[in-house]
1. Applying the Karplus parametrisation 6.51 cos²θ - 1.76 cosθ + 1.60 with θ = phi - 60° to the phi angles of region B:84-91, what ³J(HN,Hα) value in whole Hz is obtained for each residue in order, glycine and proline being reported as x?
2. For region A:5-166, take the convex hull of the Cα atoms, compute a quarter of its surface area, and give me that in nm², please.
3. Report, in degrees rounded to the nearest 10, the 0 to 90 angle that the Cα long axis of helix B:103-117 makes with the longest principal axis of chain B.
4. Residues with amide H under 5 Å of B:Leu8's amide H, sequence separation 5 or more or different chain, H placed in the peptide plane at 1.01 Å from N; which?
5. Taking the dipole about the Cα centre of chain A, with the C-beta of Lys and Arg at +1 and of Asp and Glu at -1, give me whichever of A:Met149, A:Met57, A:Met216 is farthest to the positive side.
6. So what's the angle, to the nearest 10 degrees on a 0 to 90 scale, between helix B:141-155 and the longest Cα principal axis of chain B?
7. Considering only C-alpha atoms, what is the centroid distance from region A:8-66 to region A:189-266, in Å?
8. With Rg and the Kirkwood Rh both taken from Cα atoms, where does Rg over Rh land for region A:42-101?
Amino acid sequence: MYETTYHRAGSVAEASDLMSKADDGKVLGGGQTLLPTMKQRLAAPSDLVDVTKVAEMNGISEGDGSVSIGAATTHAEVASSDLVKAKLASLAGLAGGIGDPAVRHMGTIGGSVANNDPAADYPAALVALGATVVTSKRSLSAGDFFTGMFDTALDEDEIVVSVSFPLIEKGAYAKYPNPASRYAMAGVYVAKHLDGSVRVAVTGAGQDGVFRVEGMEAALAANWSPDAVANITVDANSMLHDIHGSAAYRANLVTVMAKRAVKAAG
Amino acid sequence: MSKVSMVLNGKTVSSDVEDRTLLVSFIRDVRGLTGTHVGCDTSQCGACVVHVDGKAVKACTMLAVQASGSDVVTLEGIGSATSLHPVQAAFREHHGLQCGFCTPGMIMSAVDMINRHGAGNLDEATIRDELEGNICRCTGYHNIVKAIKAASDQMAGMSQAAE
Ligand SMILES: Cc1cc2nc3c(=O)[nH]c(=O)nc-3n(C[C@H](O)[C@H](O)[C@H](O)COP(=O)(O)OP(=O)(O)OC[C@H]3O[C@@H](n4cnc5c(N)ncnc54)[C@H](O)[C@@H]3O)c2cc1C
């Protein structure tokens, strides 16, 4: 790892200030992606601004028809939150399936969404649930926030402060994890919203990161059952292919995971 | 450079280190506690697991300065040669090791999972799931799982036959 200077921010304002003064600063969440990248010398930020002790970025609260999660809240905290388990059980389940216990004790929702790894779990939840990302500068819909593989609408010095999830009628997330890393080979989040509309978001499989499957959404809006999506496939030409699985394999997994998710949602 | 201060195994320690110093280097090289191992050094294997403020974390994937002000416990802090922690005793009793390299992380993860689930509440499937982030290169998982189950049950006061 190259040299760097560490700062611990006490507020969002202080973190923003530290970021704007830094030569080439990076926000430090749980470090479960950034530190391995720095150790490989693939990233060499001049400054690290640790936001995990910022009070306004921590904790989970209930709003009017929504649950808001501070960006520095860890995966373990989301997974074990009584509020999330009661109001958005599928989200608690997703958080509890990320990596392993030690990763979940450090990794944060803000770091996960800011990183937008194409195999990360949270992006599927944000898109399927129609979440709003609140940053140090503005609010963005999940659809506008994720702009492509490892890419988001965030400016260099913009900080994710919280993510707000609307409550839904029902939903579930099914993932086929890579047996070694636990990252998604394909993960499908299905959600039936209170207005009856349906969203289906896929992570792990697409070349451009998280994406929606409109054909499945329409089919499920008409008939909420695993059979409704059983014959709907995604185009293998836009799927990832690597040593872990071919594009055709991943395309098939998407349909299988979608069926499982609908079944789990009940 | 930053002054890093923490409570390490119950003692307040303080050292000036580069900001890029990993917690595991601080523990091993600066403080001389070599019970915590560096296995893969890529956040995968869990040989370096320690407890920071009561939670299991991979010390190769945290900066020492991030842990400044925290309470850190390593393998050396949970028991001693003359008074083993129940999990350490169970690893010895059930031979929960082959080469022993992964053992420190296995034991620290085991203590963490027993704390979270409550002693006596671990079944084999849960233990295997919880060990996702700890890799035994000798693939000696069977006795490790047995040892953790035995320690958990013993800590709950359930008398469990040794075999
Ligand atoms: C062994 C292992 C297994 C894993 N398995 C999975 C898995 O199964 N599924 C999964 O989804 N993920 C997995 N992860 C990734 C893990 O969830 C990370 O915690 C997460 O992707 C990044 O979160 P972090 O808080 O650690 O962020 P960091 O590593 O601190 O930061 C990541 C990036 O986000 C930026 N950032 C961090 N916080 C903010 C913020 N508040 N505002 C703006 N930018 C910010 C940083 O500058 C950096 O660019 C795994 C990681 C490891 C090491």
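The values are calculated or read from the model by the stated rules, or taken from the named source; none is laboratory data. Computed from a predicted model, the values in this text were never measured in an experiment. All Cβ positions, even for glycine, are placed from backbone atoms using ideal geometry, and neighbour counts span all protein chains on display. Note: areas computed on protein heavy atoms with side chains; ligands, DNA, RNA excluded. Shrake-Rupley method; radii C 1.70, N 1.55, O 1.52, S 1.80 Å.
1. 5, 5, x, 5, 4, 4, 5, 4
2. Numbers: hull surface 34.7 nm².
Approximately 8.7 nm², given one-decimal rounding.
3. Once rounded, the angle reads 70 degrees.
4. For B:Leu8, the qualifying residues are B:Val13, B:Val72.
5. A:Met216
6. Value to nearest ten degrees: 90.
7. Their Cα centres are 32 Å away from one another.
8. For region A:42-101, the value is 1.08.
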